[in-house]
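The values are calculated or read from the model by the stated rules, or taken from the named source; none is laboratory data. The shown structure was predicted, so the numbers you read here are calculated from the model rather than taken from an experiment. Here the Cβ positions follow ideal geometry from the backbone for every residue, glycine too, while neighbour counts run over all protein chains shown. Each accessible area value is taken on the protein alone, full model and side chains, heavy atoms only, with ligands, DNA and RNA left out. Shrake-Rupley method; radii C 1.70, N 1.55, O 1.52, S 1.80 Å.
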Amino acid sequence: MASLWKNPWMRAQRVRLRRPLQILLAPIVINYLKLVVKTSTIVADPPDYVDRGKQLHPSIIALWHGQFLLLPAIYPPEVPGRAIVAKHDDAEALRRILKHFGLGLVRGAGAAHRKRDRGGAEAAHGLIASLREGFSIALTGDIPPGPARKCGLGIVMISSRSGRPIVPFAVATSRYRSVNSWSRMTINLPFSRLGIAMGDPIHVPQDAGPAVLETYRQRVEAALNAITAKAYRLAGADMTRATPLPRPARTAESG
């Protein structure tokens, strides 16, 4: 069966059908996100998070990977915003979802521990340019394929070079399912208590050197962990199922 799936003809059919399937998927996801928000009771801390976000605009809205599903549906349309989307064909549905909710996009993704750059340098330039043009940007602190909940330096460097603050942000629902993925991707469910948490802005000095950037990287990581835990408390949810398991330590044998 595996060899059949890798057959050149089968591979060609998957490529041919990928875009039509994503076009069909996008409106389903859009309506689902609207259903979750409409049927849920929202509890926010601070209650005026939208007004505070406007005061900090343009800013870097930071979340953990896997915890961003509802962000497009609760993002205030009056605040110009963009989000980063990976440069591959599978991102077509996400592009359409973001566009529906009024968010633009910047293509690319960090390389993390991969040898191949997936457009990270181009994306960083695009994100910095977006901030300078007056767009807030939504960006995850951790990068596929992980480790999860480990903040990279990219988000801190973008803040330093743009002069714009990082705003820790998290959304959680009392009812959810989590996918067995590296980030424990969370699927929020309707008829929930919906917690929205925003942290204090983190301003990274524009002249920050490597040691200072590392200090702020740790600060952002701690702030994202704290704000994510707060969102789950607001939702009255147990975040254990949404918390990625720690990776086993690498050994000499594993390379």
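Things to note:
- Search result, residues across the range 193-203 that are touching a strand residue (DSSP E or B) at 6+ places or on another chain (Cβ under 7 Å) and not in a strand (DSSP E or B): Gly199, Pro201
- Taken as a whole, the structure places Leu24 among residues that are modelled with pLDDT under 95, within 22 Å of Ile187 (Cα to Cα) and either hydrophobic (A, V, I, L, M, F, W, C) or surrounded by 15 or more Cβ atoms within 10 Å (Cβ to Cβ) (or both).
- Ala170 being within 27 Å of Gln55 (Cβ to Cβ), touching a residue at least 40 places away in the same chain (Cβ under 8 Å) and small (Gly, Ala, Ser): yes
- Counting residues in the range 166-176 that are surrounded by 15 or more Cβ atoms within 10 Å (Cβ to Cβ), touching a Pro at 6+ places or on another chain (Cβ under 6 Å) and not in a loop (DSSP other than H, G, I, E, B) gives one or more.
- Checked against the criterion of being farther than 18 Å from Phe191 by Cα, among the hydroxyl-bearing types (Ser, Thr, Tyr) and in contact with a Phe, Trp or Tyr (Cβ under 7 Å, 6 or more places away or on another chain), the candidates Tyr49, Tyr75 yield just one match: Tyr75.
- Qualifying residue in the range 212-232 (condition: part of a loop (DSSP other than H, G, I, E, B) and open to solvent by 60 Å² or more (accessible area, probe 1.4 Å)): no
- Unique match (being in contact with a strand residue (DSSP E or B) (Cβ under 7 Å, 6 or more places away or on another chain), modelled with pLDDT under 80, under 26 Å from Gly209 (Cβ atoms) and not polar (S, T, N, Q)) among Ala91, Ala86, Ala123, Ala111: Ala111
- Condition broken by Ala73, with the remaining ones in (1) within 19 Å of Glu122 (Cα to Cα); (2) small (Gly, Ala, Ser); (3) part of a helix (DSSP H, G or I); (4) open to solvent by 20 Å² or more (accessible area, probe 1.4 Å) satisfied: (1)
- Complete set of residues in the range 145-161 that are in contact (Cβ under 8 Å) with a residue 60 or more places away in the chain and either in contact with a strand residue (DSSP E or B) (Cβ under 7 Å, 6 or more places away or on another chain) or open to solvent by 10 Å² or more (accessible area, probe 1.4 Å) (or both): Pro147, Ala148, Arg149, Lys150, Gly152, Leu153, Ile155, Ile158, Ser159
- Taken over the range 177-199, the criterion of being under 18 Å from the mean Cα position of the chain (by Cα) and open to solvent by 30 Å² or more (accessible area, probe 1.4 Å) is satisfied by Arg177, Ser178, Val179, Asn180, Ser181, Trp182, Arg184, Met185, Ile187.
- So Pro190, is it within 19 Å of Val85 (Cβ to Cβ), in a loop (DSSP other than H, G, I, E, B) and touching a residue at least 12 places away in the same chain (Cβ under 8 Å): no
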